[in-house]
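Take a look at the structure set out below.
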Amino acid sequence: MPEVDPRARLVPTWPSRSTLGLAGALTGAAGVLTSQAAAMALRAPSGPVPAVAAAVRDLTPGPLAVRLVHLVGSADKPLLLLCTTAILLGICAWAGTLTARHPLWPDLVFVALTGVGLAAVLRAPHPGTGSGLALLVGLITWIVVLRLLTGPLLGEDPADPSRRGFLVRSGLVLVGSVAVAGFGRIAAGSRRQVEQARRLLRLPITQGVVPAGAAVGVEGVQPWRTPTEDFYLIDTALAPPSVAPAEWELRVHGMVEREVRIGYRDLLEFPQTEAWVTLACVSNQVGGDLIGNAWWSGALTRDVLERAGVHPDANAVLQTSADKWTCGTPLNALTDDRNALLAVAMNGQPLPVEHGFPVRTVVPGLYGYVSATKWVVDWEVTRFDRIEAYWTKRGWSEKGPVKTQSRIDVPRNGSSVDGPTVEIGGSAWAQHTGIEQVEYQLDGGPWRTAQLGTAPGPDTWVQWTATVQAAPGGHILAVRATNADGRVQTAVRRDVTPNGATGWHTVRFHVAQP
Ligand SMILES: Nc1nc2c(c(=O)[nH]1)N[C@H]1C(S)=C(S)[C@@H](COP(=O)(O)O)O[C@H]1N2
Ligand SMILES: [Mo]
């Protein structure tokens, strides 16, 4: 029999594997709770753990997934979440035991787990900054809490371990993370209440009918009416502000005869106007997709301004949102006949929270950064020489009229298509001026006129299409529009800063050998 050192049995190693494992599991739970809370507080579309669970579900091969769902029935979702969390905590416990080797080992595991979370979160259609920040909060919690729990243990005398100290620290971590989780729930609660209020609204609006002939019916051309869920999203808000209709108020002040405050009900008592308006972002690159067309419903901005009575020397309105974003809008664009709106609905539904619920501004003909204030709460009637708005402070132009642009949707750049007859198409826009003509050019040949879809007025994009004959091999296609003033879209390539990109959209495509 081998000789056994009797002390080895009498003095257990400290910290023991199980203590370190427990510390790891506790740390794991703390990080899950804080990152989940951060995701909720930032109103990220999903927390990291549900995102991983969803990824597991989506990546599970179909037949296996079906078998599993049959096995556990409708409990599949909670069960999946539970399993994901259990596996995660198991890995964290194992990471905790690695502390005995070197305190940096668990950090590596945590970084790897965060990487998995990031990959899962990025699969969502609109991940947003909130999800990434939530992961970061979780990672920092893991790294800090594990040190907090295990650091003091590592220096302790194995013969006289302070189990009590460890238990106290563990208790504190547990209480702290539950408190943070509670805070996250409260923050998320305000969003839930607003969503609830939104669902209960019954607005005097219609769904909007796509005008006959607006869609040219070419597969691959972006729909004339952009579905709300595909509508681009641009804002500086980490989390969309939660503004309930009952709390909403627009204060109109500054160079006015009388300051007015308009509540949500007051706004609905103004005559309601509805219109198709194509909204575009100044950051849209040539050929880009930061543009969308929707049916907007709301009160006319000019009716609201008339109630306040604007001073004749005023030429601007400084708009401020609930999250303190600002933009300067030319006063005339809000008072002329273009039917700028304080919109309450988009595509026949109350505005989605992300698109500015309960009220946003929509001004045909101007880029969003100088007009389309989401969660709008304050209008100061003023003069351009007295104000600086969020983006103008950062080098973008004071005025932002939309530039005439056109885009090729099919064929896609770099695609291979069947020939020799190729259907081409896309859209063109010059909001508030209108599109008169769209031309295309194949392989540097003559410019030819495309067929145009109909448009209800000058404020929306129009679709264009044509049929070309193209031999097998590589081709280049370019498009340009002419606006209703007879101006041809410029070929000069300009960047999006300071007031919108210019240049012709060009795609390369390949016609396959028959
Ligand atoms: N409160 C607020 N409103 C805002 C912005 C913002 O950052 N904050 N961005 C503007 C910009 S730059 C654009 S292009 C449009 C985009 O609107 P959407 O997100 O509904 O498409 O909103 C505008 N309204
Ligand atoms: Mo924008």
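Points worth noting:
- Counting only alpha carbon atoms, the long axis of helix 62-72 and the longest principal axis of the chain meet at about 60°.
- Estimated at 0.36 nm per residue, the fully extended path between residue 175 and residue 311 surpasses their Cα-Cα distance by 43.2 nm.
- Cross-link reach list, lysines versus residue 403, counting only Cα pairs under 25 Å and skipping chain neighbours closer than eight places: 374, 393
- In the chain, taking the dipole from charged Cβ atoms about the Cα centre, the farthest positive-side position among 152, 415, 89 is held by 152.
- Lys/Arg +1, Asp/Glu -1 at C-beta; the chain dipole; positive extreme among 170, 381, 106: 170
- Stretch in the chain that is longest and holds no GluC sites (Glu not before Pro) that DSSP places in a loop and that have at most 13 other beta carbons within 10 Å: 4-218
- Helix 104-121 vs. the chain, principal-axis angle (Cα, 0 to 90°, nearest 10): 30 degrees
- Separation of alpha-carbon centers, the range 323-395 and the range 242-300, rounded to whole Å: 6 Å
- With one equal scatterer per alpha carbon and no solvent term, the Debye-computed log10 I(q)/I(0) for the range 438-490 at 0.18, 0.26, 0.27 1/Å reads -0.66, -1.12, -1.17.
- Solvent-accessible area per residue for the chain (1.4 angstrom probe, square angstrom): 48 Å²
- Cα-centred dipole magnitude for the chain, charges only on beta-carbon of K, R (+1) and D, E (-1), debye, nearest 20: 1200 debye
- For the chain, the relative contact order works out to 13 percent when only alpha carbon pairs closer than 8 Å and six or more residues apart are counted.
- Taking every DSSP helix (H) stretch of at least 4 residues in the chain, weighting each as -39,500 (n - 2.57) and dividing the sum by the residue count yields a mean residue ellipticity at 222 nm of -11500 deg cm²/dmol.
- Fraction of accessible area attributable to carbon and sulfur, the range 366-439 (%, probe 1.4 Å): 42 percent
- Rounded FRET efficiency, nearest 0.05, which uses the C-beta distance separating residue 412 from residue 94 and R0 of 41 Å: 0.30
The values are calculated or read from the model by the stated rules, or taken from the named source; none is laboratory data. Everything numeric here is computed off the predicted structure, so don't read it as measured data. As a convention, Cβ positions derive from the backbone with ideal geometry for all residues, glycine included, and neighbour counts pool all protein chains shown. Ligands, DNA and RNA are excluded from the accessible area calculation, which covers all protein heavy atoms including side chains. Shrake-Rupley method; radii C 1.70, N 1.55, O 1.52, S 1.80 Å.
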